[in-house]
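Here the structure is laid out as structure tokens; the discussion comes afterwards.
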Amino acid sequence: RRRREEHYGRQMAKLDSQHRYDLPAVFGPSPVPDVTSMGAVQTISVPFRTTPGAARDLLPRYFEPTDNPIVTVAHTMNRDVDYMGGRGYNIVRVGVTAVFKGENETIVAPYAPVIWESDAAPIILGRERGGYAKIFGSIPDAVDTEDGSTFECREYETTLLRAEVTGWQPIE
């Protein structure tokens, strides 16, 4: 045990305040750049209006739904991500418009109660650095159909979410 403590103590003594470290810090400075670059990103976003009561079920107690809440379900394919050595990953995000009433201001903005991602690296980074509610999901690439696209998110063999979008137009 003493040798292990001495080893990790030596490693920790080598930390440089000029670098950012992810945990475990003994792995060295973070390989994640301040600004991430990706070769390609494709997002399919499906917004729809819901009732305040239904939106309330998606929000923590310190948020309130807007009068006309919009829920947005989105699928994103990220390709050639620099800090992932060129690998990519997929995201399914659920968002809802919400109101936060603070002491000095009221903020109306989208809130994401859950974000599923298909790779551990962006999940860990998003949770640790951004505080996002990211969890793992099996998220295949979106599939183009004759007049739209479909996407889904699964946990093992259980489908958590499936969407089919038709009649849409791509935006460059």
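The values are calculated or read from the model by the stated rules, or taken from the named source; none is laboratory data. Worth saying up front: this structure is predicted, and the values here are computed from it rather than measured. So basically every Cβ, Gly included, is an ideal-geometry build from the backbone, and we count neighbours across all protein chains shown. In case anyone asks, the SASA skips ligands and DNA or RNA and just uses the protein heavy atoms, side chains included. Shrake-Rupley method; radii C 1.70, N 1.55, O 1.52, S 1.80 Å.
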Q: Go ahead and estimate [θ] at 222 nm for the chain from helices alone: -39,500 (n - 2.57) per DSSP H run with n ≥ 4, summed, over the residue count, rounded to 500.
A: -3500 deg cm²/dmol
Q | region 129-172-region 47-72 distance, computed between alpha-carbon centres (Å) | A | 21
Q | Solvent-accessible surface (1.4 angstrom probe) belonging to residue 58, in square angstrom, nearest 10 | A | 70
Q.
For a quick check of understanding: with a 1.4 angstrom probe and all protein chains in place, what accessible area in square angstrom does residue 135 have, to the nearest ten?
A. 70
Q | Inter-probe distance in nm under a simple model that places probes 7 Å from Cα toward Cβ, at residue 34 and residue 166 | A | 4.9
